[in-house]
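The structure appears below as structure tokens.
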Amino acid sequence: MMNDIIPKLEANNYLLLKNKSEAYFDDVVNYLGQSFRKTSIQISEAPKTKLETKHRMDFHTDPKAKYIAWYCVKQSSVGGESLIIDFADVVKALDENSFHNLKKLKTIDSYQNVDVPFYDESNGEPNFYYSPWRISKDDKTKYEKELIELSNVINNIQPIKILLDPNDILLIKNKRVLHTRSEIGGDFNRLIIRHLIV
Ligand SMILES: [Fe+2]
């Protein structure tokens, strides 16, 4: 049963598994690779990180991770939908020349403290890295026009929307799809466990 997870995930770029135990989630994470960071994500009234705010974040990919795995323990009564956009759709809508220039954009990978290009295919498949708040000031200026276009393209694509219920697992190919979540409201009674996996 576990055997078809990677082929499905590789074919669809994301995978939703409904109504699973936390023990099963741990097995899935181990099956996918090595988790280098496990975070319990909750909303805070005094947020110290973007993850803890109720606000919608910009679409992005996370540093380093090949896969991201989320497990929903509790979901807020309003909002908090997971949103996903395939980078292939972004590239299709981008001006060819802008994409060519953006390939050179470097963004800091805060886990490894190295600059990572927006696009590379060194392992034989397309890998994207886009994290708007981690782009250096220099590159923000240098690629200002392209970054505005990119942001407009992303915001014009209708994302896949998934509302995780308690006990649901969501897996994504981090270097292939952009993710964020919608603004959170209601009772804020939300707990999501996230693994970053290489
Ligand atoms: Fe993220």
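Checking the Cα-Cα distances for K38/K104; K64/K104; K92/K173 against a 28 Å cut-off, the pairs over it are K38/K104. Taking every alpha-carbon pair under 8 Å whose residues sit at least 6 apart, the stretch 1-143 reaches a relative contact order of 18 percent. Here the 3J(HN,Hα) profile of the stretch 126-134, calculated from phi with Karplus coefficients 6.51, -1.76 and 1.60 at θ = phi - 60°, is x, 10, 10, 9, 9, 9, x, 7, 10 Hz, Gly and Pro shown as x. Here the simple spin-label model places points 7 Å from the Cα toward Cβ, and for V114 and S151 these points are separated by 2.9 nm. Between S122, S136, S76, the Gaussian network model of the chain with springs among Cα atoms under 10 angstrom shows the greatest mean-square fluctuation at S122.
Under a 5 Å amide H cut-off, with hydrogens placed 1.01 Å from N, N167 pairs with C72, V73 among residues at least 5 apart or on other chains.
Considering only G124, G33, G79, the Gaussian network model of the chain with Cα springs below 10 Å gives its largest mean-square fluctuation to G124. Using a Cα-Cα cut-off of under 17 Å, which aspartates and glutamates could be cross-linked to K140, ignoring same-chain neighbours fewer than 8 residues away? Output for K140: D58, D109, D115, E149.
When +1 charges are put on Lys and Arg Cβ atoms and -1 charges on Asp and Glu Cβ atoms, the dipole computed for the stretch 39-129 relative to its Cα centre reaches about 340 debye. 3J(HN,Hα) couplings calculated from phi for the stretch 103-118 with the Karplus curve 6.51 cos²θ - 1.76 cosθ + 1.60 (θ = phi - 60°) are, in sequence order, 4, 8, 4, 10, 10, 6, 8, 5, 7, 9, 6, 10, 7, 10, x, 4 Hz; Gly and Pro show x. Legend: calculated FRET efficiency, Q42 to K103, from the Cβ-Cβ distance at R0 = 30 Å, rounded to 0.05, equals 0.25. Springs between alpha-carbon pairs under 10 angstrom, Gaussian network model over the chain: which of D62, D86, D187 fluctuates most? Between D62, D86, D187, it is D187 that shows the largest mean-square fluctuation.
Between the Cα long axis of helix 144-156 and the first principal axis of the chain there is an angle of about 40°, rounded to the nearest 10.
Once C-alpha pairs closer than 8 Å and six or more residues apart are averaged by separation and normalised to the residue number of the stretch 70-161, the relative contact order reads 35 percent.
Peptides 145-152, 7-14, ordered by how many other C-beta atoms sit within 10 Å of their residues on average, highest first, read 145-152, 7-14.
None of the figures in this text is laboratory data; all of them are computed from the coordinates on show. Bear in mind the structure is a predicted one, so any value in this text is a computation, not a measurement. Positions of Cβ are backbone-derived with ideal geometry, glycine not excepted, and every protein chain shown enters the neighbour counts.
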